[in-house]
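Colleague: Structure below; questions to follow.
The values are calculated or read from the model by the stated rules, or taken from the named source; none is laboratory data. Everything numeric in this text was worked out from a predicted model, so none of it was measured. Glycine gets a Cβ as well: all are built from the backbone with ideal geometry, and neighbour counts include every protein chain shown.
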Amino acid sequence: MMQLVNIPLLSDFPMILTLLGLTLGGLLTLLVGTRSERGARALSVLSLLGALALNVLLLLRVNVSTVFHDIVWLGDETHPLVTLGFLGDGLSAPVAVLIISLGLFSVVYSFAYMRDLHRPGVYYSLMVWFVAAMVGVVYATDLLQFFLFYEVMLIPAFLLVYLYGVSEDADERTRNAFQFWVWTAVGGIISIFATLMLFSATGTFNIQALYTAPLAASTAKVVGVVFLLGFGIKLGLVPLHVWAPPAYREAPIPVLVLLSGAMTKTAAYGVIRVVIPIVRTFMVDYSLGLMTISVITMFYGAMMAIAQRDLKMMLAYSSISQLGYLMFGYSTMTEVGLNGAAFQLISHGILASLMFFAAGAIKMQTGTMEFDQLGGLAPRMPVLATVFVLAGLAIAGTPPMCAFPGELMLFAGAAEMIGQGWAYVAVLVVAVVATGLTAAYYLWAIRRTMYGPVPQGLESVSDPPRSVLGIMVVMAFFVVVIGIWPWLLGQFLQPVLAGLVAGG
């Protein structure tokens, strides 16, 4: 370990530099934004661009070797109590790149979408700080540090929903924002209880040390259930999803992209980084129950998506449904299922965000996201329509796009469990059937928005601004590339996940 005073040049520490750059960048954005919205925009973009460059370089580097920095914060070299650790490997680096990319795209998207923005410095600084906190979660090597960032990220998230929510009724906006805050904060607090239980049993908060620390089976099972309860709230698994629909309805599209595409993924990352390697062998007995909860989440989200009259809320419930697939992969407790879930984590982050961006673009050009007021947009918005159709088919698991490899692996992981009884066969069949529902409501959404008669008043609509189209085209490019060549992502994930399944 290194003492804090002996840190070399920060350029040798991309993860530390990322957090410092985003924190200071958000502060400068706030200060400059009081006088110039253009200045706030420029500084927020530069902060996120710098962070993205650092983390792309880190991603290329971790393909060769893990990057690890550990600083004693409490205790000493021989008996560290709490450390400030930063781990860049084939799991954390791709997730960090995803989060920072979505933050950058959301900020640029806001230039066109968030018109007449009040307090632009506050808005753009909160967006940058939100990203910074999520990146801190991903790179943490100590559970206290993990949950410090995990709870801190709720502050900018809450303020973004509270200050910039779409409801004209201030009371409704406040109610939705506080409901989001309370539920997700409770999820974090529950997880902290599990952390303290682990410390009581092992004497350490260090995640790597916990992988090999002796743990009684009874303690491990309780810790695993408590952790999954806490992370499940933040993921929005049924029936712990109460906060999600109101928050998704309230949040403007750029903020919603970070909530659905990035924030929920930090909880998914917590399951894969903390829960699986520490208590996996003790949680196998609960595998069927967890798979059942995952399938219920898939079906509930899908059925609610079908019932929606609004594209934004259809996508919100679809996001809940898709997170059920991710948890389904975890629940198999198999290496291939875990790889599928991790792949789904990245691909859903891209696809859900792309669909929300597309929905926002439709709102910008037509003034509505109500299905009854839309139709026939494809000939008038050819680029947007192409991206919308591609992303919809991708989320439905259509090959050769990025959701297909992940779904194939997580279903293969479940297939490894069918020798344990007919119940596993039934759950797997139901999960596969759920993909048909996903295809059904996305094809229906495509039909109702892009084809058919054009409603009165929409005869002259056209594609959104180039900045918005550029973001969506770039994301659509990765949707196709990762689907055709899944090894581009798998080469980073697989070696790390193999080690985690083996216990770290």
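Colleague: Would you check if Ala302 is free of Cβ contacts under 8 Å to residues at least 24 places away in the same chain and farther than 18 Å from Ala341 by Cβ?
Modeller: On the way: free of Cβ contacts under 8 Å to residues at least 24 places away in the same chain: no; farther than 18 Å from Ala341 by Cβ: yes.
Answer is no for this residue.
Colleague: Checking Gly457 against (1) under 30 Å from Arg273 (Cα atoms); (2) in a loop (DSSP other than H, G, I, E, B), which test does it fail?
Modeller: Against the list (1) under 30 Å from Arg273 (Cα atoms); (2) in a loop (DSSP other than H, G, I, E, B), Gly457 comes up short only on (1).
Colleague: Here's another thing I want to ask about it. Give me a count of the residues in the stretch 89-99 that are in a helix (DSSP H, G or I) and in contact (Cβ under 8 Å) with a residue 60 or more places away in the chain.
Modeller: As a first pass, look at the stretch 89-99 and keep what is in a helix (DSSP H, G or I): 92-99.
If we keep only those that are in contact (Cβ under 8 Å) with a residue 60 or more places away in the chain too, we end up with 92-96, 98-99.
Residues in the stretch 89-99 being in a helix (DSSP H, G or I) and in contact (Cβ under 8 Å) with a residue 60 or more places away in the chain: 7 in total.
Colleague: Is there a residue in the stretch 434-448 that is surrounded by 14 or more Cβ atoms within 10 Å (Cβ to Cβ), over 22 Å from Met298 (Cα atoms), more than 19 Å from the chain's Cα centre (by Cα) and in contact (Cβ under 8 Å) with a residue 24 or more places away in the chain?
Modeller: Just the residues of the stretch 434-448 that are surrounded by 14 or more Cβ atoms within 10 Å (Cβ to Cβ), to begin with: 434-435, 437-446, 448.
So of that shortlist, the ones also over 22 Å from Met298 (Cα atoms) come out as 448.
Going one step further and asking which of them are more than 19 Å from the chain's Cα centre (by Cα), we end up with 448.
When the remaining residues are screened for being in contact (Cβ under 8 Å) with a residue 24 or more places away in the chain, the result is 448.
Yes, because at least one residue in the stretch 434-448 is surrounded by 14 or more Cβ atoms within 10 Å (Cβ to Cβ), over 22 Å from Met298 (Cα atoms), more than 19 Å from the chain's Cα centre (by Cα) and in contact (Cβ under 8 Å) with a residue 24 or more places away in the chain.
Colleague: Residues to consider are Phe149, Phe105, Phe111; find the one that is closer than 18 Å to Val275 by Cα and either without any contact (Cβ under 8 Å) to a residue 24 or more places away in the chain or not assigned by TED's automatic domain parsing to the domain that holds Ile350 (or both). Working first, answer last.
Modeller: On the way: Phe105 fails: closer than 18 Å to Val275 by Cα; Phe111 fails: closer than 18 Å to Val275 by Cα.
Exactly one residue qualifies, and that residue is Phe149.
Colleague: Only one of Val242, Val161, Val182 is touching a residue at least 60 places away in the same chain (Cβ under 8 Å), surrounded by fewer than 24 Cβ atoms within 10 Å (Cβ to Cβ), part of a helix (DSSP H, G or I) and not assigned by TED's automatic domain parsing to the domain that holds Asp70. Can you tell me which? Before the answer, list the steps.
Modeller: Values: Val242 fails: part of a helix (DSSP H, G or I); Val161 fails: surrounded by fewer than 24 Cβ atoms within 10 Å (Cβ to Cβ).
None of the other options fit; the residue is Val182.
Colleague: So is Tyr109 crowded, with 24+ Cβ neighbours inside 10 Å, under 17 Å from the mean Cα position of the chain (by Cα) and within 23 Å of Ile350 (Cβ to Cβ) or not? It would help to see each step written out before you state the result.
Modeller: Working: crowded, with 24+ Cβ neighbours inside 10 Å: yes; under 17 Å from the mean Cα position of the chain (by Cα): no; within 23 Å of Ile350 (Cβ to Cβ): yes.
Judged against the criteria, Tyr109 is not a match.
Colleague: Which numbered condition in (1) surrounded by fewer than 19 Cβ atoms within 10 Å (Cβ to Cβ); (2) among the β-branched types (Val, Ile, Thr); (3) within 21 Å of Phe357 (Cβ to Cβ) is the only one that Val131 fails?
Modeller: (1)
Colleague: Right, here's the next one. Among (1) under 30 Å from Ala209 (Cα atoms); (2) modelled with pLDDT of 90 or more, where does Leu408 come up short?
Modeller: (1) is the only condition that Leu408 fails.
Colleague: Listed residues Ala305, Ala342, Ala316; which is more than 19 Å from Ala244 (Cβ to Cβ), out of contact with any Gly (no Cβ under 7 Å at 6 or more places or on another chain) and crowded, with 24+ Cβ neighbours inside 10 Å? Working first, answer last.
Modeller: Numbers: Ala305 fails: more than 19 Å from Ala244 (Cβ to Cβ); Ala316 fails: more than 19 Å from Ala244 (Cβ to Cβ).
Result: Ala342 is the single residue among Ala305, Ala342, Ala316 that is more than 19 Å from Ala244 (Cβ to Cβ), out of contact with any Gly (no Cβ under 7 Å at 6 or more places or on another chain) and crowded, with 24+ Cβ neighbours inside 10 Å.
Colleague: When you check Thr174 against the structure, is it buried (at least 22 other Cβ atoms within 10 Å of the Cβ), modelled with pLDDT under 95, β-branched (Val, Ile, Thr) and assigned to a helix (DSSP H, G or I), yes or no? Steps first, please.
Modeller: On the way: buried (at least 22 other Cβ atoms within 10 Å of the Cβ): no; modelled with pLDDT under 95: yes; β-branched (Val, Ile, Thr): yes; assigned to a helix (DSSP H, G or I): yes.
No, not satisfied.
Colleague: Just to be sure before I move on: is Leu228 in the same structural domain as Arg309 (by TED's automatic domain parsing), at pLDDT 90 or above, surrounded by 24 or more Cβ atoms within 10 Å (Cβ to Cβ) and more than 26 Å from Tyr113 (Cβ to Cβ) in the structure I sent? Break it down stepwise before answering.
Modeller: Values: in the same structural domain as Arg309 (by TED's automatic domain parsing): yes; at pLDDT 90 or above: yes; surrounded by 24 or more Cβ atoms within 10 Å (Cβ to Cβ): yes; more than 26 Å from Tyr113 (Cβ to Cβ): yes.
So Leu228 passes the test.
Colleague: Mind listing whichever residues of the stretch 398-422 are small (Gly, Ala, Ser) and under 20 Å from the mean Cα position of the chain (by Cα)?
Modeller: Within the stretch 398-422, the first condition is being small (Gly, Ala, Ser), and the residues that meet it are 403, 406, 412-415, 419, 421.
Ala403, Gly406 - these are the residues of the stretch 398-422 that are small (Gly, Ala, Ser) and under 20 Å from the mean Cα position of the chain (by Cα).
Colleague: Restricting to the stretch 118-158, count the residues that are assigned to a loop (DSSP other than H, G, I, E, B) and in contact with an Asp or Glu (Cβ under 8 Å, 6 or more places away or on another chain). Explain how you work it out, then say what you get.
Modeller: Of the residues in the stretch 118-158, the ones assigned to a loop (DSSP other than H, G, I, E, B) are 118-119, 141, 153.
Narrowing further to those that are in contact with an Asp or Glu (Cβ under 8 Å, 6 or more places away or on another chain): 141.
Count: 1.
Colleague: Another question about this same structure. Failed condition for Met355, given (1) part of a helix (DSSP H, G or I); (2) within 30 Å of Met283 (Cα to Cα), with all others met?
Modeller: That leaves (2) as the condition not met.
Colleague: Please find, among Tyr451, Tyr442, the residue that is closer than 21 Å to Phe478 by Cβ and of a type outside the set (Asp, Glu). Break it down into steps so the answer makes sense when it comes.
Modeller: Numbers: Tyr451 fails: closer than 21 Å to Phe478 by Cβ.
On inspection, the qualifying residue turns out to be Tyr442.
Colleague: Would you confirm whether any residue within the stretch 272-290 is over 24 Å from Gly419 (Cβ atoms) and hydroxyl-bearing (Ser, Thr, Tyr)?
Modeller: So far as the stretch 272-290 goes, no, none of its residues is over 24 Å from Gly419 (Cβ atoms) and hydroxyl-bearing (Ser, Thr, Tyr).
Colleague: Here's another thing I want to ask about it. Criterion first (in a helix (DSSP H, G or I) and either over 19 Å from Val95 (Cβ atoms) or at pLDDT 90 or above (or both)) does Ala423 satisfy it? Steps first, answer last, please.
Modeller: Working: in a helix (DSSP H, G or I): yes; either over 19 Å from Val95 (Cβ atoms) or at pLDDT 90 or above (or both): yes.
For Ala423, the condition - in a helix (DSSP H, G or I) and either over 19 Å from Val95 (Cβ atoms) or at pLDDT 90 or above (or both) - is met.
Colleague: When the stretch 188-222 is examined, which residues are found to be within 15 Å of Leu290 (Cβ to Cβ) and surrounded by 23 or more Cβ atoms within 10 Å (Cβ to Cβ)?
Modeller: Selection gives nothing.
Colleague: Let me ask something additional. Considering only the stretch 392-416, how many residues are in contact (Cβ under 8 Å) with a residue 60 or more places away in the chain, closer than 22 Å to Ser331 by Cβ and not in a helix (DSSP H, G or I)? Break it down into steps so the answer makes sense when it comes.
Modeller: Let us first name the residues in the stretch 392-416 that are in contact (Cβ under 8 Å) with a residue 60 or more places away in the chain, namely 394-395, 399-414, 416.
Among the residues that remain, those that are also closer than 22 Å to Ser331 by Cβ are: 395, 402-414, 416.
This time we only want the ones that are not in a helix (DSSP H, G or I), so: 402, 416.
Residues in the stretch 392-416 being in contact (Cβ under 8 Å) with a residue 60 or more places away in the chain, closer than 22 Å to Ser331 by Cβ and not in a helix (DSSP H, G or I): 2 in total.
Yes/no matrix, rows are residues, columns are (1) in a strand (DSSP E or B); (2) of a type outside the set (S, T, N, Q); (3) at pLDDT below 95:
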residue: Leu57; (1), (2), (3): no, yes, yes
residue: Asp70; (1), (2), (3): yes, yes, yes
residue: Thr78; (1), (2), (3): no, no, yes
residue: Leu81; (1), (2), (3): yes, yes, yes
residue: Leu84; (1), (2), (3): yes, yes, yes
residue: Leu87; (1), (2), (3): yes, yes, yes
residue: Gly103; (1), (2), (3): no, yes, no
residue: Asp116; (1), (2), (3): no, yes, yes
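Colleague: Return the pairs, sorted by first residue and then second, in which the second residue is surrounded by 24 or more Cβ atoms within 10 Å (Cβ to Cβ) and of a type in the set (Val, Ile, Thr), the first residue lies in the stretch 335-349 and is under 15 Å from Pro400 (Cα atoms), the beta carbons are less than 7 Å apart, and the residues are 6+ apart or on different chains.
Modeller: Note: pairs meeting the criteria are Ser347/Ile482.
Colleague: Could you pull out the residue among Leu354, Leu374 that is under 20 Å from Val454 (Cα atoms), aliphatic (A, V, I, L, M) and in contact (Cβ under 8 Å) with a residue 12 or more places away in the chain?
Modeller: Numbers: Leu354 fails: under 20 Å from Val454 (Cα atoms).
Checking each option against the conditions leaves just Leu374.
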